[in-house]
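Presented below is the structure to which this report refers.
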Amino acid sequence: MGAGISIDDIYSLVSPKAKLLDSSGMLLHALSMPKYLSESIVRYKEDVSKLTLPDPSTFDGVVISGMGGSFISGLFLQDLASDRSSKAIILNRDVRLPRFIDEKKLLVAVSYSGNTEETLRIYLEGLRRNIPVVAVTSGGELAAVSEKLGKPVIRLPPGIPPRAAFPHLTAAIAALTSSVLGLDLLGELRRAIDELAKREDSVLSDGLALSRLLFSDVQNNLTPLIYGYSPYLSPAYRFKTQINENSKIHAFFGELPEVNHNEIMGWNGVLKSFTVVFVRGREEPKYMEARIEFLENLFDKNNIRFYNLHGNCEKRACELLSLIMKADVVSIALALLLGVDPTPVDTITQLKKFLDSKIGFSLHREIN
Ligand code: F6R
């Protein structure tokens, strides 16, 4: 990291046992995000240029389908691009593909492992409906079947926890969708990395400071509640999911302004053991600022603890990346403060094994 601080120094800033606990190096994954992103931009630009895909002008939109760690990059690209492209960016996290999705959409099926049932079913549905589909994966059934059928695949490097593959997934999806969306997404990401390099110290200091505050709140039985708004939904949602998977505690996500029309009533009731984080960016409109100000006043009156997590870049792409890095650092440091190894996600693995024994969905079998 910047200012010559080593990863060991960072671990000792968190806690004496932190380095030992993080035996699979989740913190290094998070801090290396700009480096991985920079390498991936070059790699996937080239990989995509070798694919045979329909003319981008034939598409009226893209559909990005994936679950968990394989979903977040789609949300990131929607935050980054949806108000600047005339083409639709549709995100899917279901086993069903809406009827209106047809051959005028580019379907990007994203599963880091290549074995996630939801994404395999979407891929199959795409094939059956003759929708042009590209797989983004490190292997599994998704890679094997795509290759067998001669369908395009972007191969990710193996052996990374899916949520830590965010830079690889983001660059791969950006490389695939840029020409359809009519935006230079890879160029924007490249410039964002340069801008981010100047802010690395604040990413770390803001992240560690917030992890200590949340640690103390969690010890007082307060559950993190993360509030975000467009175009910064991806860091807010990423924050919630990273607290779940890295810190292994409950955390919930709410989207402004919608929460002001329902959830806001909960602060009058008896169940309010939450600590709130607002995820905020430079493009915050006045109408959002006023809504957050109202909530802050409400929280002050009700003794609800709340914090603001700000991005600190000029451009949106850098803001999103810096917020995501901060959220990742908070969730990992929080795990280490709680005495938890951030990497394993045993219950998710158990669920997948259970589903395999109960349902045993196989893409191979379906296409034969
Ligand atoms: C694990 C993780 C999970 C997975 C999800 C889908 O690090 O982040 O959220 O991403 O279970 O699996 P994949 O990504 O393999 O399709």
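The values are calculated or read from the model by the stated rules, or taken from the named source; none is laboratory data. As the structure is a computational prediction, the values presented were derived from the model and not from experiment. Virtual Cβ from ideal backbone geometry, glycine too; neighbours counted across all protein chains shown.
Observations on the model:
- The range 48-100, subset among the small types (Gly, Ala, Ser) and within 17 Å of ARG129 (Cα to Cα), residue surrounded by the most Cβ atoms within 10 Å (Cβ to Cβ): SER65
- Residue match in the range 153-161 (condition: more than 25 Å from MET26 (Cα to Cα) and in contact with a Lys or Arg (Cβ under 9 Å, 6 or more places away or on another chain)): no
- Flag not set for PHE274, criterion: surrounded by 13 or more Cβ atoms within 10 Å (Cβ to Cβ) and within 16 Å of the ligand (Cβ to nearest atom).
Results for (1) assigned to a helix (DSSP H, G or I); (2) in the same structural domain as GLY150 (by TED's automatic domain parsing), shown as yes or no for each residue.
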| residue | (1), (2) |
| --- | --- |
| LEU13 | yes, no |
| LEU20 | yes, no |
| SER38 | yes, yes |
| TYR44 | yes, yes |
| VAL48 | yes, yes |
| LEU51 | no, yes |
| PRO54 | no, yes |
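- Listed by first and then second residue, the pairs with beta-carbon distance under 8 Å, at least 6 apart or on different chains, first residue in the range 55-77 and more than 13 Å from the ligand (Cβ to nearest atom), second in a helix (DSSP H, G or I) and at pLDDT below 95, form an empty list.
- Those helices (runs of 4 or more DSSP H) of the range 245-358 in which 2 or more residues are of a type in the set (Gly, Ala, Ser), within 24 Å of LEU222 (Cα to Cα) and in contact (Cβ under 8 Å) with a residue 60 or more places away in the chain occupy 316-337.
- Single match in GLY159, GLY187 (criterion: among the small types (Gly, Ala, Ser) and within 14 Å of the ligand (Cβ to nearest atom)): GLY159
- Taking the range 150-164 as the range and being among the hydrophobic types (A, V, I, L, M, F, W, C) and either in a loop (DSSP other than H, G, I, E, B) or surrounded by fewer than 18 Cβ atoms within 10 Å (Cβ to Cβ) (or both) as the test, the residues that pass are LEU156, ILE160.
- Selection within the range 214-243 - over 15 Å from the mean Cα position of the chain (by Cα) and of a type in the set (S, T, N, Q): SER216, GLN219, ASN220, ASN221, THR223
- Near pairs, Cβ below 8 angstrom, 6+ apart or cross-chain, from the range 101-120 (farther than 12 Å from LEU91 by Cβ) to any residue that is assigned to a loop (DSSP other than H, G, I, E, B) and near the ligand (Cβ under 7 Å from one of its atoms): SER111/MET67; THR116/MET67; GLU118/MET67; THR119/MET67; THR119/SER111; LEU120/SER111
- Those residues of the range 89-116 which are outside any strand (DSSP E or B), within 14 Å of the ligand (Cβ to nearest atom) and of a type in the set (Val, Ile, Thr), in sequence order: VAL95, THR116
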